[in-house]
Amino acid sequence: MIALGGIIGASLFIGSGAVIETVGPAAVLSYALGGAIVVLVMRMLGEMATAAPALGSFMEYARASLGNWAGFTVGWLYWYFWVGVVAFEAVAGAKLLQPLLPSVPQWVFSLLLMVLLTGTNLVSVRSFGETEFWLASVKVVTIVVFLALGSLFVLGLWPGAEFSVGNIALDGFFATGGFSVVHGVVIVIFSYFGTEIVTIVSAESDEPERAVAKATRAVVWRVLLFYVGSVALLIMITPWGDIPSETSPFAAAFARFGIPAAGTVVNVVVFTAVLSVLNSGLYTASRMLFALRRHGFAPRWIQDVNARGVPWKAIVLSTLVGYVAVAMSYVAPDTIFYFIINSAGAVALFVYAIIAMSQLRMRRRLEREAPELLKLRMWLFPYLTWATLALIAAVVLTMGFIGETRSQLGLSLVSLAAILLVYVAFVRRRTAVS
């Protein structure tokens, strides 16, 4: 269920409207291309994770395959990304809650959400898993209901509905031009980030190899059904020019089905998605920090665990940074908070690129030394791995040509350079001395 729900976030329930406004009906292709990158990366990650399950997942594989610099870089980039996401989601959740109690400041709701999910993570990994299971269940059930009702609606089988599949090409499929499809990929690729969490969680499960293999094989239909299928239905249900971009297009679709209080229902689901991201973000950040410590890439005290085996200091540190970021969202939203959120813009692509490079090296080593461990293989190796790297490079370059993403790329490169400088200045020097 974590694997199923991990790919469904508020970016789908709300952000899909903005993607459709930018790309038009061809947004279906943007989601398909972005999903293809994720599917290929997950297949590579699944190959490595089933061969050698490890806490820290791709950080461990990068270190073993490419060297300490790669493990250090991808681990801290990933931690930094999720700390920023935790802060962003806490603020987003507060905005959803404030209309219920307008007299309460937003920062109070942000604080309460952070404390609540920190407590869930501190109790035990089982507590995290069960919380995430139920949060993910709400998202999955909502999408399944939407797919079922939406299919009946566009086929004219719903009361009062007419056959409307043709809406997907009403103004031409490429209504806003061919390049807009690539622009859309730049936007949607971050909607998929988080799928890889299952390979980190699996290290603390009873059957890590089986869990990763199952989740990796299922990612193809999850992407096609939940994202590509949902967006295609949204465009068929409502002509793309009438789909809301500021509010949830899913709420608008449910309203067309005649479901009462559709906006309220979707807001509850979006809030559930926010809690889910907060929960998994804190878990992922803390486990990555804990894994970094095992190789001397983080302070020694990070490795302390409580009686239930939870790395509580890693959780607290990740949470404290989140608290600071939330505070900055109200004290200096246009400076510090802007930097924290936007400087993680291209981090997902950097992480994917390092995963692909790691798989290139690790696959060749396994074929020589332990081919029996390759229970789940990357398709058409090494050609699809190189093709994935080329696609990632193309998306990164495209970010530089689009005004609203150019600053994200620049700030992400600053973050990458800062982490590499820290490694060269401190970690590599200390390792050489020891």
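The values are calculated or read from the model by the stated rules, or taken from the named source; none is laboratory data. Please read these numbers as outputs of a predicted model, since none were measured by experiment. A quick note on method: Cβ atoms are made from the backbone with ideal geometry, for glycine too, and the neighbour counts reach across all protein chains shown. We work out accessible area using only protein heavy atoms, side chains counted, and drop any ligands, DNA or RNA first. Shrake-Rupley method; radii C 1.70, N 1.55, O 1.52, S 1.80 Å.
Could you look through segment 21-66, keep only residues that are over 30 Å from D242 (Cβ atoms) and polar (S, T, N, Q), and pick out the one that is nearest to the chain's Cα centre (by Cα)?
In this case the residue turns out to be S57.
Suppose we filter V305, V310 for residues that are assigned to a loop (DSSP other than H, G, I, E, B) and open to solvent by less than 10 Å² (accessible area, probe 1.4 Å); which single one remains?
On inspection, the qualifying residue turns out to be V310.
Check D242 against each of (1) surrounded by fewer than 17 Cβ atoms within 10 Å (Cβ to Cβ); (2) farther than 22 Å from T142 by Cα; (3) modelled with pLDDT under 90 and name the one condition it does not meet.
(3)
Return a yes/no flag: does segment 202-223 have any residue that is modelled with pLDDT of 80 or more, crowded, with 21+ Cβ neighbours inside 10 Å and either in contact with a Cys (Cβ under 6 Å, 6 or more places away or on another chain) or closer than 20 Å to V23 by Cβ (or both).
The answer is yes; a qualifying residue exists.
Mind listing whichever residues of segment 145-199 are open to solvent by less than 40 Å² (accessible area, probe 1.4 Å), in a loop (DSSP other than H, G, I, E, B), over 30 Å from V395 (Cα atoms) and in contact with a helix residue (DSSP H, G or I) (Cβ under 6 Å, 6 or more places away or on another chain)?
A161, S164
Please enumerate the residues belonging to segment 355-370 that are open to solvent by less than 80 Å² (accessible area, probe 1.4 Å) and within 29 Å of the chain's Cα centre (by Cα).
I355, A356, M357, S358, Q359, L360, M362, R363, L366
Based on what the data block shows, is Y31 more than 27 Å from I419 (Cβ to Cβ) and crowded, with 22+ Cβ neighbours inside 10 Å? Outline the logic, then answer.
Numbers: more than 27 Å from I419 (Cβ to Cβ): yes; crowded, with 22+ Cβ neighbours inside 10 Å: yes.
Taking the combined requirement at face value, the residue satisfies it.
I'd like to check something: does segment 277-286 contain any residue that is open to solvent by 10 Å² or more (accessible area, probe 1.4 Å), under 17 Å from F88 (Cα atoms) and either part of a helix (DSSP H, G or I) or not hydrophobic (A, V, I, L, M, F, W, C) (or both)? Please lay out each step first, then the result.
Let us first name the residues in segment 277-286 that are open to solvent by 10 Å² or more (accessible area, probe 1.4 Å), namely 277, 280.
Next, from what is left, pick out any that are under 17 Å from F88 (Cα atoms): 277, 280.
Those left that are additionally either part of a helix (DSSP H, G or I) or not hydrophobic (A, V, I, L, M, F, W, C) (or both): 277, 280.
Within segment 277-286 (the criterion being open to solvent by 10 Å² or more (accessible area, probe 1.4 Å), under 17 Å from F88 (Cα atoms) and either part of a helix (DSSP H, G or I) or not hydrophobic (A, V, I, L, M, F, W, C) (or both)), the answer is yes, since at least one residue qualifies.
For the list (1) charged (D, E, K, R); (2) closer than 30 Å to E162 by Cα; (3) without any contact (Cβ under 8 Å) to a residue 12 or more places away in the chain, I need the number of the one condition that E246 fails.
Unmet for E246, out of (1) charged (D, E, K, R); (2) closer than 30 Å to E162 by Cα; (3) without any contact (Cβ under 8 Å) to a residue 12 or more places away in the chain: (3).
Can you name the condition, by its number, that R43 falls short on among (1) open to solvent by 20 Å² or more (accessible area, probe 1.4 Å); (2) out of contact with any Phe, Trp or Tyr (no Cβ under 7 Å at 6 or more places or on another chain)?
Unmet for R43, out of (1) open to solvent by 20 Å² or more (accessible area, probe 1.4 Å); (2) out of contact with any Phe, Trp or Tyr (no Cβ under 7 Å at 6 or more places or on another chain): (2).
Considering only residues that are surrounded by 17 or more Cβ atoms within 10 Å (Cβ to Cβ) and not in a helix (DSSP H, G or I), look in segment 245-276 and name the one that is modelled with the highest pLDDT.
My answer is F257.
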